[in-house]
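The values are calculated or read from the model by the stated rules, or taken from the named source; none is laboratory data. Because the structure is a prediction, the values reported are computed rather than measured. Cβ sites come from the backbone with ideal geometry, for glycine too, and all protein chains shown count toward neighbours.
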Amino acid sequence: MDEIIWRIAGGSGDGIDSTSQNFAKALMRSGLHIFTHRHYPSRIRGGHTYVEVRAAPEPVRSRGDGYNVLLALGDSFARNPSEGAYYGDEEVKPLTENLDDLREGGVIVYDTGLFDEEDLPDLETMAAENDWHVYGVDLRGIAREYGREVMRNTAGVGVTAALLEIDLAGIEELMRDRMSGDILEQNLQVLSDAHDAVAEEEFTHDLRVPEGEHDEQQVMLSGSNAIAYGALDAGCRFIAGYPMTPWTDVFTIMSQTLPDTGGVAEQVEDEIAAASLAIGASHVGAKAMSGSSGGGFALMSEPLGMAEMTETPIVLLEAMRAGPSTGMPTKPEQADLEHVLYTSQGDSNRVVLAPGDVREAYDQARVAFEVAYDYHIPSILLYDQKLSGENRTVPETHFDREPAPDLGATLAEGDLADAAHDASGKFHRYRHDPESGVSPRSVPGQSGGRFLASGNEHNPSGHISEDPENRVAQVDRRLRKLEAIREDLADRDLQTYYGPEEADHAVVTWGSQQGTVEEAVDRLLAEGYSVRAVGVSQMAPFPREEMTAFLEGVETAMVTEMNATAQFRGHIQRELGRFGDTMHSLLKYNGNPFEPAELVEGFVAKVDGDEDVTAPGTTRTEPAVGD
């Protein structure tokens, strides 16, 4: 009774995502906290897709362990609805492929307008074994009465509301906000009829939506929303990009919003052009951004190096998905860390931040712009498909911040006359001597400035130079920025600590697994384990002092990440090699994010050393020793 996890399943193109968002929003307005998880195939239409909506009276940080209510609509766009097809009977997969995760005592609603009983020969047996409560309703038939079969989603919500005793008033209010005219009236009627079709039944299940009340106004948004809004509040007024899942979400939000702020959004022919346009916009005085997912970001390697050499501030996004190559375009993975840290050429320098949740996505988007423009360096925001698409409730006050339109270390025209110039009168754009490594810039249009920016090594005036002493001075100066940035970021609380201040064991993670780790730590503490956790966002420059202090205080540290090669653990060892004996990995890379129970089981298997206890079958453990 303390939470409900509702999974709506169908085919891509069946409106699963929009229906789940509306249902989640209605639950939020009723006083509950929300967390959603989205699973979808890399197809325009058809293919099994689902969204989970987890709702509880207290804040929710993660997807749950399985779920307890299934609304199975079937796949209206199945390629070949027959068992002999290569991919099986796709029409029934929204029901049959979701049963493994349904909890005991769960509720199933399926559409008898699509599913025949003979399609589901094992359902009755499985329901009896697991105490499932099955309700077959002709959702399509109810929708067709009003002329639009697509409204079967609304019918499914109506049935769900009846079974969970949800007041229809909140759902109807939300529908009125989004629809009007005949479409609204038809959907309201479908909702009511579907609700009444089961409302009079004597329910055998005990699942109900819990009651809740917010202490303060909540908003519901995804990581993509948060990154886009953080960029806008940081003063970003230019974006260039090329669509690629899952980066496209941020690109779309920015493209829809920037014109209203006097900004510019450009979709171009490829990612090389996108990054280059953004660098050009930054060069002439705009706060600019570009981005992509792994394959597209690979094309940005050359312009990224140019931004580093010309010291042009720029913010880039890298939205990870399963690779290499096309991989699994719509599934989450954290396997681009090394790609982002080490792409480009030479002794490169950049800042890389990996937010762990929606709040951090907003905050760190703003930090990325501030650091990029204060230090004239590329800042990269690294996140994954999970964080990109999951929606959750956040207090509205979290976003009550002042905008930040300033251009950082950029001289005003009035200050240029007193700045360092060559004897010839040319402004020293790339001075050797700044202690922080930052040599202030001018922007085109300013009298007395200097706008020469070469990808070749250059002297203080910006002219190409291969002089050995100049080369050493320029490389050393650019590298000094990283130490200055490390000191700057140390005061910004970019790492998130959870649990008691002292503990024998630890869970270390990065990026989108942070909330799942926190829920797992709560369970482990309740079971008597001495454990704490840290979610690391500062990938580069690495927070050496912070992580040294954290790791020195624990006997074992389980590094949790979604990749097969322990990239984050390897990154820690590269920076802090002496902790190799302390760390071991819990890895998952099957296209699904961790569930809290998997982390608990993996931790217990390692810490207790019980041969009868093993890590979950979807994960892999390995030691760090010998790496």
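Brief remarks on what is shown
- Matching residues, the range 19-33, being under 15 Å from Ser222 (Cβ atoms) and buried (at least 24 other Cβ atoms within 10 Å of the Cβ): Ser20, Ala24
- Within the range 225-257, the set of residues being in contact with a strand residue (DSSP E or B) (Cβ under 9 Å, 6 or more places away or on another chain), surrounded by fewer than 18 Cβ atoms within 10 Å (Cβ to Cβ) and either assigned to a helix (DSSP H, G or I) or not assigned by TED's automatic domain parsing to the domain that holds Met300 (or both) comprises Gln256, Thr257.
- Meets criteria (on the phi > 0 side of the Ramachandran plot and at pLDDT 95 or above) for His428: no
- The set of residues in the range 439-480 being aliphatic (A, V, I, L, M) and touching a residue at least 40 places away in the same chain (Cβ under 8 Å) consists of Val443, Ala453, Ala473, Val475, Leu479.
- Yes/no for Thr160 being of a type outside the set (Gly, Ala, Ser), farther than 20 Å from Leu73 by Cβ and assigned to a helix (DSSP H, G or I): no
- Helices (runs of 4 or more DSSP H) within the range 535-627 that include 3 or more residues surrounded by fewer than 22 Cβ atoms within 10 Å (Cβ to Cβ), charged (D, E, K, R) and at pLDDT 95 or above: 544-552
- All conditions but one from (1) under 39 Å from the mean Cα position of the chain (by Cα); (2) buried (at least 17 other Cβ atoms within 10 Å of the Cβ); (3) of a type outside the set (A, V, I, L, M) apply to Asp476; the one that does not is (2).
Residues are listed down the side, and each one gets a yes or a no for (1) in contact with a helix residue (DSSP H, G or I) (Cβ under 7 Å, 6 or more places away or on another chain); (2) of a type in the set (S, T, N, Q):
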residue: Asn349; (1), (2): yes, yes
residue: Pro355; (1), (2): yes, no
residue: His398; (1), (2): yes, no
residue: Gly414; (1), (2): no, no
residue: His428; (1), (2): no, no
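- The set of residues in the range 444-463 that are surrounded by fewer than 16 Cβ atoms within 10 Å (Cβ to Cβ), within 41 Å of the chain's Cα centre (by Cα) and not hydroxyl-bearing (Ser, Thr, Tyr) comprises Pro444, Gly445, Phe451, Leu452, Gly455, Asn456.
Okay, residues lined up against (1) assigned to a strand (DSSP E or B); (2) of a type outside the set (D, E, K, R); (3) at pLDDT below 95:
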| position | (1), (2), (3) |
| --- | --- |
| Leu304 | no, yes, no |
| Val315 | yes, yes, no |
| Thr326 | no, yes, yes |
| Pro355 | no, yes, no |
| Glu370 | no, no, no |
| Ser388 | no, yes, no |
| Thr393 | yes, yes, no |
| His398 | no, yes, no |
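- Residues in the range 236-278 that are farther than 26 Å from Arg43 by Cα and hydrophobic (A, V, I, L, M, F, W, C): Cys236, Phe238, Ile239, Leu258, Val264, Ala265, Ala273, Ala275, Leu277, Ala278.
- Residue within the range 258-271 that is surrounded by 24 or more Cβ atoms within 10 Å (Cβ to Cβ) and assigned to a helix (DSSP H, G or I) present: yes
- Verdict on Glu91 being part of a strand (DSSP E or B) and among the charged types (D, E, K, R): no
- Qualifying residue in the range 103-122 (condition: buried (at least 20 other Cβ atoms within 10 Å of the Cβ), part of a helix (DSSP H, G or I) and touching a residue at least 24 places away in the same chain (Cβ under 8 Å)): no
- Some residue of the range 193-201 being at pLDDT 95 or above and within 23 Å of Asp2 (Cβ to Cβ): no
- Output for the range 289-302, where each listed residue is in contact with a Leu (Cβ under 9 Å, 6 or more places away or on another chain) and closer than 28 Å to Arg429 by Cα: Met289, Ser290, Gly291, Met300
- Selection within the range 272-302 - outside any helix (DSSP H, G or I) and surrounded by fewer than 24 Cβ atoms within 10 Å (Cβ to Cβ): Val284, Gly285, Ala286
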